[in-house]
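Notes follow the structure.
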Amino acid sequence: MDHTVLIFIISCLVAGVFSGLSSGLLGLGGGLVIVPVLNYLLPSIFHINPEYLLPICITTSFGVIIFNTATASYKQYKLKNIHFKTALIIVPPMIIFSAIVGHFVTQINPGYLKILFGLVVLYSAIHMQGKKALVEETQNYSLGSVKGVLAGAAIGSIAATAGISGGSFLGPLFNSCKFPIKKALGTSSFCGFWLALSSFISYVISGAHIDTGVPYTFGYFSLIAFSAILIPSVIFASYGVKLQSVLPAPKVKRIFAYFLVLIALDMFIEGYELIHNPLLTFLG
């Protein structure tokens, strides 16, 4: 095995540990960790065209998220925490628009794509730091059809550009509809699974004919990154949950939010450079 591939695998294993811990401790989707890590890791180890970089990060992230959200959804289903009536409203437009965006977003200038990702990351950081309004939970919670369809289309489109499950957007939506917290989390996991699955399939199809030059990569899907990140991510997620009772979660969230702001700013800078220096796209 080439030493660069071995270094890449080890680095992805470490990223998987961090992704799992942050997921269990902070309740975050893996995309906010996986995409930035791969964005910095891949160019440092492999010679890669910037045009393919973020699509590889996003596709691989969705591959991991499929398994994470499927596991969470099954547990939530056993606990009867999924509100299927709401899911039937929001999931179809979410699937349709995430699939459409996943197919066409790879044709966007990589500079603009990085800026879009930076905006999503910045929103997630602000949302993480913001004081969440306490909305009274009721037994008559519901999501209107029109609101649900529009929200599903918007969340599916935005999440598909960033490789995330959409939890940062679904949480506030369900909170505004006075969902009990357990129902909100369970339904969010279930919706996130279908969003990740449709986005993943769309990205794989759009990149099926692409040769990125990265070893063990099928189109935009990095098999070794997926395998190396998924296993420790699943294992260490449970440890992250245990750390909730040891570490001060609000302070950890604050630190992570600052970290996300730095990532967003770096994405803005990289995006600006790619837009104003088109040759960077071809020089890789």
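The values are calculated or read from the model by the stated rules, or taken from the named source; none is laboratory data. Remember, it's a predicted structure, so these values are computed and weren't measured experimentally. Note that each Cβ is placed from the backbone with ideal geometry, even for glycine, and that neighbours are counted across all protein chains shown.
Is there a residue being in contact with a Lys or Arg (Cβ under 8 Å, 6 or more places away or on another chain) and not hydroxyl-bearing (Ser, Thr, Tyr) anywhere in region 45-57?
Yes, because at least one residue in region 45-57 is in contact with a Lys or Arg (Cβ under 8 Å, 6 or more places away or on another chain) and not hydroxyl-bearing (Ser, Thr, Tyr).
Quick one: is residue 85 modelled with pLDDT of 85 or more and buried (at least 22 other Cβ atoms within 10 Å of the Cβ)?
no
Give the residues of region 38-56 that are touching a Pro at 6+ places or on another chain (Cβ under 7 Å) and free of Cβ contacts under 8 Å to residues at least 60 places away in the same chain, sorted by residue number.
Listed by number, the list holds a single entry, 53.
Given the structure, is residue 150 modelled with pLDDT of 85 or more and out of contact with any helix residue (DSSP H, G or I) (no Cβ under 6 Å at 6 or more places or on another chain)?
Yes; evaluated as a whole, the condition is true for this residue.
So which of 69, 59 is over 19 Å from residue 168 (Cβ atoms), in contact (Cβ under 8 Å) with a residue 60 or more places away in the chain and touching a Gly at 6+ places or on another chain (Cβ under 8 Å)?
59
For region 143-180, which residues satisfy the criterion of being in a helix (DSSP H, G or I), touching a Gly at 6+ places or on another chain (Cβ under 7 Å) and of a type in the set (Gly, Ala, Ser)?
159, 160, 167
List, please: which pairs have Cβ atoms under 7 Å, are six or more places apart or on different chains, and start with a residue in region 73-86 that is farther than 10 Å from residue 191 by Cα and end with one that is among the aromatic types (Phe, Trp, Tyr)?
Pairs found: 76/190.
Tell me yes or no: at least one residue of region 43-57 is among the charged types (D, E, K, R), over 30 Å from residue 269 (Cα atoms) and surrounded by fewer than 22 Cβ atoms within 10 Å (Cβ to Cβ).
no
If you take the residues of region 43-59 that are of a type in the set (A, V, I, L, M, F, W, C) and part of a helix (DSSP H, G or I), which of them is modelled with the lowest pLDDT?
45
If I go through region 173-208 residue by residue, how many of them are under 19 Å from residue 72 (Cβ atoms), surrounded by fewer than 19 Cβ atoms within 10 Å (Cβ to Cβ) and either small (Gly, Ala, Ser) or free of Cβ contacts under 8 Å to residues at least 60 places away in the same chain (or both)?
The total comes to 3.
Does residue 236 satisfy the condition of being within 27 Å of residue 79 (Cα to Cα), touching a residue at least 60 places away in the same chain (Cβ under 8 Å) and not basic (Lys, Arg)?
yes
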